[in-house]
Amino acid sequence: MSSWVVVQGRPLTEATLSYLSSVGTVITVEAGKVVHVEVPQPESLAAIREHCAENKCDVGVVPLERDISQFKLYVTDMDSTLITIECIDEIADVHGLKDQVAAITEKAMKGELNFTESLHSRVALLKGLKESALSEVYEKRLTISPNGRSTIKYLRDNGLKTLLVSGGFTYFTDRLAKDLGIDYTCANVLEIVDGVLTGKVVGSVVDASAKLVAVDERCKELGISRDQVIGIGDGANDLVFLKEIGLSIGYHAKPVVQENTDYQINNCGLDALVYFT
């Protein structure tokens, strides 16, 4: 056996455990949430995936030789990945424009709009909003995705550096980095004059290509290769870097990301990635 099938649920039902036992050999069961299964017939994998989709489980094939020590850098997107919200949509809500901005965000994350142009158009709608609105979003609306904090700690405890790279804003990434102990950040800077948003971004936009540049800069600094990077994201603007690294994960992701990542977490929290590494 060169690999095993990892199935994760919250928790796994008796029906799923029984099904897995019928198509393979269950090697381990951890806290009723994770099982490692030896599947003797490769054609059974498609059936397992179908069962898992119907029963709200996440599944992936993991090489036995893989070990967390092989990786040195963890890269995570922010909005709808590390955190449960899209910050710009919530800022817009304070301004009474959430529906308008959220519609643009959704299309951009699906890859239907140019990210840079869409960001400029969304930020322009925020002109005149007080800086205090950002604080309101951070303090009252922003929530870490399930088990996100413990996952960051686990990765750091195992020697990985962490990079938060976002098409969102430094106001949020900087605070999250301090709160969670994240080593590096890369995000857009909102222009604020006299405590008021001008509707502009300072400098170049952190788009899909800029995210890969940020990853490469950290790899160079750490003396590692892209193959030693684990990355996770949900939107089309994450794909450029996700396609180039050693292990890529889509987190409750848009279809285009689901189709182009090594693993997909659609039902569990961020800690599910631990069992794919």
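The values are calculated or read from the model by the stated rules, or taken from the named source; none is laboratory data. None of these values were measured; they are calculated from a predicted model. Cβ placement follows ideal geometry from the backbone for every residue including glycine, while neighbour counts extend to all protein chains displayed. Accessible surface areas use protein heavy atoms only, side chains included; no ligands, DNA or RNA. Shrake-Rupley method; radii C 1.70, N 1.55, O 1.52, S 1.80 Å.
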Report summary line: A210 passes all but one of the listed conditions (1) open to solvent by 20 Å² or more (accessible area, probe 1.4 Å); (2) over 22 Å from the mean Cα position of the chain (by Cα); the exception is number (2)
Report task. Pick out the one residue from R66, R49 that is basic (K, R), within 30 Å of G24 (Cβ to Cβ) and out of contact with any helix residue (DSSP H, G or I) (no Cβ under 9 Å at 6 or more places or on another chain). Result -> R49
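Here is a yes/no grid of residues against (1) on the phi > 0 side of the Ramachandran plot; (2) surrounded by fewer than 20 Cβ atoms within 10 Å (Cβ to Cβ); (3) of a type in the set (K, R):
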| position | (1), (2), (3) |
| --- | --- |
| L176 | no, no, no |
| G203 | yes, yes, no |
| A214 | no, no, no |
| S225 | no, yes, no |
| I232 | no, no, no |
Requested in this report: For G159, indicate whether it is under 30 Å from T277 (Cα atoms) and assigned to a loop (DSSP other than H, G, I, E, B).
Outcome: yes
Requested in this report: Go over the candidates Y171, Y154 one by one and state the one that is closer than 25 Å to V193 by Cβ and modelled with pLDDT of 95 or more.
Outcome: Y171
Requested in this report: Check whether at least one residue in region 58-80 is modelled with pLDDT under 95, polar (S, T, N, Q) and part of a helix (DSSP H, G or I), and report yes or no.
Outcome: no
Report task. For region 82-98, name all the residues that are more than 17 Å from A133 (Cβ to Cβ) and in a helix (DSSP H, G or I). Result -> L82
Report summary line: Scanning region 246-277 for residues that are β-branched (V, I, T) and crowded, with 22+ Cβ neighbours inside 10 Å, the one farthest from D58 (Cα to Cα) turns out to be V257
Query raised in the report: Picking from S204, S145, which residue would you name as being in contact with a Phe, Trp or Tyr (Cβ under 8 Å, 6 or more places away or on another chain) and among the small types (G, A, S)?
Result: S145
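Conditions tested, residue by residue: (1) farther than 30 Å from S225 by Cα; (2) in contact (Cβ under 8 Å) with a residue 40 or more places away in the chain; (3) crowded, with 23+ Cβ neighbours inside 10 Å.
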| residue | (1), (2), (3) |
| --- | --- |
| V94 | yes, yes, no |
| K98 | yes, no, no |
| N114 | no, no, no |
| T143 | yes, yes, no |
| N158 | no, yes, no |
| L164 | no, yes, yes |
**Report entry** Neighbours by Cβ (under 8 Å, 6+ apart or cross-chain): first from region 57-77, farther than 19 Å from Q8 by Cβ; second of a type in the set (F, W, Y) and in a loop (DSSP other than H, G, I, E, B)
**Finding:** none
Requested in this report: Kindly establish whether G168 is open to solvent by less than 60 Å² (accessible area, probe 1.4 Å), outside any helix (DSSP H, G or I) and at positive phi.
Outcome: no
Query raised in the report: Can you spot a residue in region 43-59 that is of a type in the set (G, A, S) and touching a strand residue (DSSP E or B) at 6+ places or on another chain (Cβ under 6 Å)?
Result: no
Query raised in the report: Out of K200, K220, K243, K178, which single residue is basic (K, R) and touching a strand residue (DSSP E or B) at 6+ places or on another chain (Cβ under 6 Å)?
Result: K200
Query raised in the report: Does L82 satisfy the condition of being in contact with a strand residue (DSSP E or B) (Cβ under 9 Å, 6 or more places away or on another chain), open to solvent by less than 20 Å² (accessible area, probe 1.4 Å) and more than 19 Å from A253 (Cβ to Cβ)?
Result: no
Requested in this report: Could you please find all residues in region 240-277 being without any contact (Cβ under 8 Å) to a residue 60 or more places away in the chain and either touching a Cys at 6+ places or on another chain (Cβ under 6 Å) or among the charged types (D, E, K, R) (or both)?
Outcome: K243, E244, E259
**Report entry** Residue check for Q8: open to solvent by 70 Å² or more (accessible area, probe 1.4 Å), touching a helix residue (DSSP H, G or I) at 6+ places or on another chain (Cβ under 9 Å) and in contact (Cβ under 8 Å) with a residue 12 or more places away in the chain
**Finding:** no
